[in-house]
Amino acid sequence: MASFKPTKVQVYPKLGEKVTQDTLYWKNYKAPVQIKEFGAITNIDFSPVAPHNFAVTAFTRIHIYGPFSQEPVKTFTRFKDTAYCGRFRSDGQLLVAGCEDSVVRLFDVSGKVALRMFKGHTKAVHITDFTSDRYQILTGSDDYTCRLWDIPNATELNTYQEHTDYIRCGVTSKLNRDLFITGSYDHTLKLFDARADKSVMTMDHGQPVESLLLYPSEGLLVSAGGRHVKVWDLLKGGQPLVSLKNHHKTVTCLCLSSSGHRLLSASLDRHVKVYNTTNYKVVHNFDYAASILSLALAPDDESIVVGMTNSILSIKHRKSLDESKEISGQQRRQPSYRVFVKGKNYVPKQDDYLVSKPVKQHLAKYDKQLKKFNVSKALDTALETWTRLRKPEITVAVIKELDRRGTLKNALAGRDEQGLARLLNFLIGNVVDPRFAPVLVTAAEMILDIYQSVIGQSSVVDRQLLRLQELLEREIDYQQDLLEVLGMLDTMFASSLPRKEVPSLDFFNVSVSYDIIDSLLTCQPWSNGKM
Amino acid sequence: MVEHGDIRVVHRGGSKINFREPVITHDSRYLLCASGECVKVFSTSTEECIHDLRGHTGLVTGVLLKPSNHLQVYSCSADGTVRLWDYTDGILIKTYVIGCPVYSICASANHEGVIFIVTPMLSDKRSDLFQLVAVDLPQSGDQLVEARELSAVLSDVSSNPAAIVFGRGGEYIASANGLHLEVYFFKKQKSYRFSLKEDNKKGGKNTVTCVACHPKDDCIATGHEDGKIRLWRNFNHKKEYTYSTLHWHHSAVSSLCFTPEGTNLLSGGMESVLVQWRYNQESERDFLPRLGSAITHITVSPDGALFCTSHSDNKITIIQSCVKVSAVIQGLVKGESVRTDMMVDPRSKSLVLNGKPGHLQFYSLPRDKLLYNLDIVQQEYIHESGLEQFEVVKAAFDASGSWLATVEERKQKDAELELNLKLWAFDEQTQSFVLNTTISAPHEARITAMCFCHATDSQTTMLVSTSKDGHFKAWQLGAPAHTEADEGPSWSCDFVGAYHGLVPECCCFSADGSLLAVSFQEVVTVWSPASWELLTTLSQPPKAVRDLCFGRLSCSKYLLGTTANNLLCCWNLLTCSLEWSTSMDISLLLADPLTENMAAFCCQAGSTDLFVFKPSEPRPVFSQKAVCSGKVTRAVFAPREEMLESCEESSQWLNHSQLYFLTPYMDLMTFTTKAEEDRLMASSKQLVIDDSVAMTPFYLLLGKHRQQEDADPLSGLSAERRPLPQCSVAIKELLQTPAHVLPSTSFLCSMFVQSLLISVTNGREETKHVEEEMESEKEEEDSEGEMESSTQRPEQASLGGQAAPALTKAQLRELKRVKKLDHSWFPGLLHS
């Protein structure tokens, strides 16, 4: 005696985004840890040395967090006004920060009081950085100047007054102690050489520049301003390479993944986008709750730290290897699960006599009803709200099975207003879906046949029938348009193809139909992989 | 033309076993069923065929156990004879010549020496009237007996054997025909006739399809066309009869049967559900659903332990009375037509064609046994007439047998055609095919042909399908598209080709896979599968091409095609020109995969001729006129397991592979030579199957193991008992006497060894003496029994029950002495 064969639910290819290696990589983070700061978080910087603490600049404070701590391990509060741009030196021992009061302060990471105060700017200093020789500091200010300072005796070495608007971003070269780049709200990026008095290279971004990033090789420079992210080739004299426009609000921060293969950009539109640095395509996207002002990646991408305007710091840690596996396996475990598996994984000992129990075939509810030939009930089960909305393919499979059994008419008939409305609702939602159309069109025809006598008795049903009619008319127009496009494309392809002579015994020519166009424009066979 | 006296067309395998209801023997060990011109004896436990009872020259129409002898069986046949067999040894005992075709047989224990048979009415010229005739079987020693003493019992009966049955130990016989039920009482010699209206108000059809009688009670059950079962009672009155109706079946009841005690009534029909009704409590029913296909007959073993149902798909299911299937005897499933081609599975070398609805059957040709059914459609089969179901219409294997492609379709009247192309991968672990890819709607219209690229060395496997929608598509096994680890490679479309909107009819790959030929009506196009370039077109106007075939091996430069206007064309692919053509109405052209030979079935004047030829040679290798009547459309070359060593020119083409074909009447036929048949006969005689357990390798392994286990716990004594059963008495004596009363082992040893040394020569004349001895011994023992009753009993029993005394006098005496010795010292020990 064969067992009941359950209804086969067709597996359709997923229409959504494909699961790529990138998706897997960037999804592999835990739920974020959220820490409330005192104000908008303007800058986050990771210490270059282990244990890779990070400095978070928010309002008048700079907090230093350990890699896994949720409480700051260190706080710098000696600011008279809003602090900006707390950055570590390459040995991780000194930290420099600008301030709204135009004074630049240098701290020892272990101390509290500022070691040096650099006074000279006349307006707020938004950008500070150490040069690669570790003895000088670059600052950029709202007074349109950028300056170089000597750390040991706290004197100003040089002042560059080329920008014509606020300087809000800048980077120093990690390879050359004399080179640094600044970006300003006057839309320009300027490359300076400390040995020269003037800028050596100027690039026009087109929008106020918010953030700069140098590639590790320092051949490429990335700038963000407005909605654009631009990549410049410094070795070719500052030639623009790519311009990316994937955000719909100002891009505020840029960051490079540790391998250097992925570029991240954060924006006020609350998204972080991940680009592939070879073809600059977006490969992944993160959503956050508020506009993002700052973003940093820990070394080896161990965590993603994002600071937002609503003064919330969000830290996402990477899942460890075994953890990520466990999660996927545990998904279905419910509290009662243990009761069901009790004794199931018991390994019989050597002398145990195994009494085999026939495996009970598990059937879905609609299959149980189909097995008993309760066709109406089976259709009702398949039309339950959850199935109907989340898994329309199950509902369609049951309708198809009923049609195959020749009992679809019986199952559709004899419904009250509510049941009929539910059925029509489902049809309106899915009848134009090319995956379901062949099955649902038959069902729709049957419904109309059965219920044509009751049209006009219920306003709900009548309204839905009118909607269905509208929908179908629109679909027919749409199909007609598509056919026209197909015809146009056919002629174009035919004329563009070189006429090739084929050694043939007859005088016909060859025509090869192009599968690509077909698949673009008509319902394509849905092939699916392993069932 | 060459003379081919020694090549014969023979039936091979796949005979029908569901023609008449099977019979289970009294010990429930064997099942007998009519199968073509012989009666097959199956073992109910192992499902193996044990004997074929051969001898009839016509279709066997009934099998019946002889009521007076449970080891003998009657069989009747359309050749006008009734034969009596001993089914355990498969020996024909007697042949009764009746003289006119017999359509069914029945008998009862009440009527000694009489059998009842159904024959056509002799007096009436119309052949569709039948009568029930009682035949007195003459008691004579001869093998061949004429039984001419016929006396008509009932006239106008149905030829359906299910419609005539004996009731209540043979007191009456009930027969149904059309709308009438007739009951004949033998004692009163009177018959009662009950009629039903043709249709009742609700449109049910009252035609009686089968009858069963309760074995103990006066009750007749009739099954009807509309699925009703009527239980008739009180039918020995013309007027006061009553009946009650049971209704569960939705279509005709095809078989009814009471269990031997009469507690249950079994019924079955098209629904393929065995329904068990409780007698007198008809509201309680048991069901055994999903038996596979429509039930045609139900029988119950005489002890009621086994039920057995025959099904329309040539299957017999044996069911234990606890409603559990215990065995399935499955023959080759034959539908009305084979829609898939016949194929040979390259792995199992079995014949593959569609069998049960939605399945492919794998049929082992050398063993004549169905190996398994592969469920292609994987849907619940709804047993309802008039319902369009998915049918497997095309199937193809690749060269190594690791891929199977199937096409299933379902066409409703006014709905779109539903097509599925499925690709199955062979799984080494489970040794069966596992679904890999399903492509729904691969084409927009019916698929006309499908073939795999048969090149063995190619890296990728390719499948080409042609369809009525004017396209042919190439499918290729692609690398996994996604990164999900569990997803293996799946199939996807590689190329779509068309030629002027013409409909492609057939496709064929060359042997090395470098060329693909697709015929578009009258044009044959040749493509290169590597670049999908159209290389050349060949055409032989003006009619459509029917079959295409590339030559093999040395003839691989030839492409052969048959056209609708009776032409067989051979193109040379090197010159792209027609090499030769001949006028023949060829219905089927196929190439032997192992040799250059091609077989062409040629339809002429209502019968089919076969030509076997090489494309390079003008003369056919073999030809035979009138292979069978009608048109052959399905045939296959099956590679042989071992090559034949025939040197004769005419039979050489059979050396590598064997040609099987299906006649229009769905008979599987093949060609054999005389030598091969002789060899087969010899080997079949050697093959003696143990009726209890099949001699499978598994059994050999297990049996040996069990023997060892038996031997281990017992000492050498019991092991030696097997070869020398004569000494059992002495050993029993030794074993049954408690150890503490036995003398020392050294004392017993010599005697024991002597007992083993008994030769066969002390034969019969000594047994008399022994018996006399026994008498005297018993007396002695009795006297002893007074003294020692406790140890006495087992010895007495063992001696008394001695069946084949084989000990010598001297030995017994010795034994006696031992006992006496024994017993004398034992009480002494007690008293002291």
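The values are calculated or read from the model by the stated rules, or taken from the named source; none is laboratory data. Since we're looking at a predicted model, the values are computed, not measured. All Cβ positions, glycine included, derive from the backbone under ideal geometry; neighbour counts span all protein chains shown. Side chains included, ligands, DNA and RNA excluded: accessible areas come from the protein's heavy atoms. Shrake-Rupley method; radii C 1.70, N 1.55, O 1.52, S 1.80 Å.
Points to keep in mind about this one:
- Options B:LEU421, B:LEU370: the member that is surrounded by 15 or more Cβ atoms within 10 Å (Cβ to Cβ) and within 11 Å of another protein chain (Cβ to nearest Cβ): B:LEU421
- Every condition in (1) closer than 16 Å to B:PHE671 by Cβ; (2) not in a strand (DSSP E or B) holds for B:ARG619 except the one numbered (1).
- Residue that is modelled with pLDDT of 75 or more, surrounded by fewer than 17 Cβ atoms within 10 Å (Cβ to Cβ) and not aromatic (Phe, Trp, Tyr), where the choices are B:ASP427, B:ASP486, B:ASP457: B:ASP427
- Among the residues making up segment B:562-579, those that are under 19 Å from B:SER510 (Cα atoms), away from chain A (no Cβ under 12 Å) and not charged (D, E, K, R) are B:THR562, B:LEU568, B:CYS569, B:CYS570, B:ASN572, B:LEU573, B:LEU574.
- If only residues of segment A:355-398 that are more than 19 Å from A:LEU420 (Cα to Cα) and polar (S, T, N, Q) are counted, the one that is least open to solvent (accessible area, probe 1.4 Å) is A:GLN369.
- Count of segment B:41-67 residues which are over 15 Å from B:THR299 (Cβ atoms) and open to solvent by 20 Å² or more (accessible area, probe 1.4 Å): 14
- Within segment B:391-408, the only residue that satisfies the criterion of being surrounded by fewer than 20 Cβ atoms within 10 Å (Cβ to Cβ) and within 13 Å of chain A (Cβ to nearest Cβ) is B:GLU391.
- Count - residues of segment B:278-296 that are within 13 Å of another protein chain (Cβ to nearest Cβ), in a loop (DSSP other than H, G, I, E, B) and crowded, with 17+ Cβ neighbours inside 10 Å: 4
- Restricting segment B:531-554 to residues that are of a type in the set (S, T, N, Q) and assigned to a loop (DSSP other than H, G, I, E, B) leaves a set whose member that is farthest from the other protein chains (Cβ to nearest Cβ) is B:SER531.
- Hits in segment B:610-666 - residues which are open to solvent by 40 Å² or more (accessible area, probe 1.4 Å) and among the β-branched types (Val, Ile, Thr): B:THR633
- Inspection of segment A:336-348 finds no residue satisfying the criterion of being among the hydrophobic types (A, V, I, L, M, F, W, C), in contact with a Gly (Cβ under 9 Å, 6 or more places away or on another chain) and open to solvent by 80 Å² or more (accessible area, probe 1.4 Å).
Matching residues to (1) within 25 Å of the chain's Cα centre (by Cα); (2) of a type in the set (Phe, Trp, Tyr):
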position: B:PHE362; (1), (2): yes, yes
position: B:ARG367; (1), (2): yes, no
position: B:LEU371; (1), (2): yes, no
position: B:GLY386; (1), (2): no, no
position: B:GLU391; (1), (2): yes, no
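- Any pair with Cβ under 6 angstrom, 6 or more apart, that starts in segment A:366-381 at a residue that is within 12 Å of chain B (Cβ to nearest Cβ) and ends at one that is in a loop (DSSP other than H, G, I, E, B) and surrounded by fewer than 17 Cβ atoms within 10 Å (Cβ to Cβ): A:LYS371/A:PHE4
- Within segment A:134-151, if we keep just the residues that are out of contact with any Ser or Thr (no Cβ under 9 Å at 6 or more places or on another chain) and closer than 13 Å to A:LEU94 by Cβ, the residue that is least open to solvent (accessible area, probe 1.4 Å) turns out to be A:ILE151.
- Test result for B:ASP345, acidic (Asp, Glu) and under 19 Å from the mean Cα position of the chain (by Cα): no
- Flag if B:GLY513 is away from chain A (no Cβ under 14 Å) and in a loop (DSSP other than H, G, I, E, B): yes
- All strands (runs of 3 or more DSSP E) inside segment A:6-106 with 3 or more residues being more than 14 Å from chain B (Cβ to nearest Cβ), aliphatic (A, V, I, L, M) and farther than 30 Å from A:LYS372 by Cβ: A:54-58, A:94-99
- When residues of segment B:72-92 are limited to those that are outside any strand (DSSP E or B) and of a type in the set (Gly, Ala, Ser), the one nearest to B:THR61 (Cα to Cα): B:ALA78
- Checking each residue in segment A:351-365 for being within 14 Å of chain B (Cβ to nearest Cβ) and farther than 21 Å from A:PHE426 by Cβ picks out A:PRO358, A:GLN361, A:LEU363.
- Some residue of segment A:152-162 being open to solvent by less than 10 Å² (accessible area, probe 1.4 Å), touching a strand residue (DSSP E or B) at 6+ places or on another chain (Cβ under 7 Å) and under 18 Å from A:GLU210 (Cβ atoms): no
- Between A:THR139, A:THR159, the distinction of being assigned to a strand (DSSP E or B), among the hydroxyl-bearing types (Ser, Thr, Tyr) and under 38 Å from the mean Cα position of the chain (by Cα) belongs to A:THR139 only.
- A:ASP352 without any contact (Cβ under 8 Å) to a residue 24 or more places away in the chain, part of a loop (DSSP other than H, G, I, E, B), open to solvent by less than 80 Å² (accessible area, probe 1.4 Å) and not aromatic (Phe, Trp, Tyr): yes
- Filtered residue count, segment B:512-543, keeping only those that are small (Gly, Ala, Ser) and open to solvent by less than 40 Å² (accessible area, probe 1.4 Å): 5
- Given (1) away from chain B (no Cβ under 14 Å); (2) small (Gly, Ala, Ser); (3) in contact (Cβ under 8 Å) with a residue 24 or more places away in the chain, number of the condition A:SER3 does not satisfy: (1)
Okay, residues lined up against (1) over 19 Å from A:GLY183 (Cα atoms); (2) over 14 Å from the mean Cα position of the chain (by Cα); (3) open to solvent by less than 20 Å² (accessible area, probe 1.4 Å); (4) not charged (D, E, K, R):
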{"residue": "A:ASP233", "(1), (2), (3), (4)": "no, yes, no, no"}
{"residue": "A:HIS247", "(1), (2), (3), (4)": "yes, no, yes, yes"}
{"residue": "A:THR250", "(1), (2), (3), (4)": "no, yes, no, yes"}
{"residue": "A:SER257", "(1), (2), (3), (4)": "yes, yes, yes, yes"}
{"residue": "A:HIS261", "(1), (2), (3), (4)": "yes, yes, no, yes"}
{"residue": "A:ASP269", "(1), (2), (3), (4)": "yes, no, yes, no"}
{"residue": "A:THR278", "(1), (2), (3), (4)": "yes, yes, no, yes"}
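- B:LEU559 vs. criteria closer than 27 Å to B:PRO639 by Cβ and within 14 Å of another protein chain (Cβ to nearest Cβ): yes
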